[in-house]
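What follows is one structure encoded as structure tokens, with my remarks underneath.
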Amino acid sequence: QEKLNITFETPGTKDIIEFEFDIYAVRRKMLDVAGRKQVVTFSAVSTIVFKESHTKISKSYYDTTSNIIKDICKEYLELPDNKVFIDVKGNSEKIKIIIPNWSPLRAINWLVARSSDGDACNFVFYEDREGFHLTTLDKLVDVDKPHMGYFYTPRKHRDYTTVGAVRGRRQ
């Protein structure tokens, strides 16, 4: 089990972003003519996906949906608390469930699909570069102003007299 760690930084920011992958296959090795260089193609998958595919849950719960998801992330996916963000306050009703030998993400998706906030049933569980998030679509869409805008026109209708219009233009 070899690991592949990728670290990068966006220019102008001080955020260093790190990802860890498990390599499961080495696909291709190509040597150059002189035999001094080689190109190797790795097939890798996120460590969480690798754990998730080899882990099954058979357990009963009597708790809120958000607490059950927190427990699954901590116990089965082994995620630290600072990588799981629960942004749901209205889901305080306790439920009784038995998870029958499911993978952790299948159990979480099943819980998310059946969760309600009183007004809506639009929960989502997703991962971004900061960690895993449980929130509602309403909170994802509720933004005061966009972070960045883009202007795009098809190639044959572009005005090539301005430099910004060649590849689309940021506003």
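The values are calculated or read from the model by the stated rules, or taken from the named source; none is laboratory data. Worth saying up front: this structure is predicted, and the values here are computed from it rather than measured. Neighbour counts run over all protein chains shown; Cβ positions are idealised from the backbone, glycine included. Accessible surface is based on the protein model in full, side chains and every heavy atom, while ligands, DNA and RNA are left aside. Shrake-Rupley method; radii C 1.70, N 1.55, O 1.52, S 1.80 Å.
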Requested in this report: Find the residue count for the range 53-62, including only residues that are β-branched (Val, Ile, Thr) and part of a loop (DSSP other than H, G, I, E, B).
Outcome: 1
Report summary line: With criteria (1) touching a residue at least 24 places away in the same chain (Cβ under 8 Å); (2) open to solvent by less than 40 Å² (accessible area, probe 1.4 Å), Ser43 comes up short on (1)
Query raised in the report: Within the range 104-115, is there a residue that is among the β-branched types (Val, Ile, Thr) and modelled with pLDDT of 90 or more?
Result: yes
Report task. Pull up the range 99-128, narrow it to residues that are hydroxyl-bearing (Ser, Thr, Tyr) and within 30 Å of Thr7 (Cβ to Cβ), then point me to the one that is most open to solvent (accessible area, probe 1.4 Å). Result -> Tyr126
Query raised in the report: Among the residues of the range 52-61 satisfying the criterion of being farther than 23 Å from Asp87 by Cβ and not charged (D, E, K, R), which is least open to solvent (accessible area, probe 1.4 Å)?
Result: Ile57
Report summary line: Flagged in the range 26-36 as of a type in the set (D, E, K, R), open to solvent by 80 Å² or more (accessible area, probe 1.4 Å) and more than 35 Å from the chain's Cα centre (by Cα), in numbering order, are Arg36
Query raised in the report: How do the pairs read when you match residues in the range 70-82 that are without any contact (Cβ under 8 Å) to a residue 24 or more places away in the chain and over 19 Å from Lys59 (Cα atoms) with residues anywhere that are of a type in the set (A, V, I, L, M, F, W, C) and assigned to a helix (DSSP H, G or I), using Cβ under 7 Å and keeping only pairs 6 or more apart or on different chains?
Result: none
**Report entry** Only one of Ile16, Ile6, Ile23, Ile48 that is on the phi < 0 side of the Ramachandran plot, aliphatic (A, V, I, L, M) and open to solvent by 100 Å² or more (accessible area, probe 1.4 Å)
**Finding:** Ile16
Query raised in the report: Within the range 129-144, how many residues turn out to be at pLDDT 85 or above and open to solvent by 40 Å² or more (accessible area, probe 1.4 Å)?
Result: 0
Report summary line: Going through the range 11-47 in order, the residues found to be in contact with a Leu (Cβ under 8 Å, 6 or more places away or on another chain) and modelled with pLDDT of 85 or more are Glu20, Phe21, Asp22, Ile23, Phe42, Ala44
Query raised in the report: Can you name every residue in the range 83-107 that is within 14 Å of Asp63 (Cα to Cα) and either touching a strand residue (DSSP E or B) at 6+ places or on another chain (Cβ under 8 Å) or touching a residue at least 60 places away in the same chain (Cβ under 8 Å) (or both)?
Result: Asn91, Lys94, Ile95, Lys96, Ile97, Ile98, Ile99
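May I ask you to verify whether Phe8 is out of contact with any Lys or Arg (no Cβ under 8 Å at 6 or more places or on another chain), at pLDDT below 85 and of a type in the set (Phe, Trp, Tyr)? First the steps, then the outcome.
Details: out of contact with any Lys or Arg (no Cβ under 8 Å at 6 or more places or on another chain): yes; at pLDDT below 85: no; of a type in the set (Phe, Trp, Tyr): yes.
Considered against the rule, which asks whether it is out of contact with any Lys or Arg (no Cβ under 8 Å at 6 or more places or on another chain), at pLDDT below 85 and of a type in the set (Phe, Trp, Tyr), Phe8 comes out as no.
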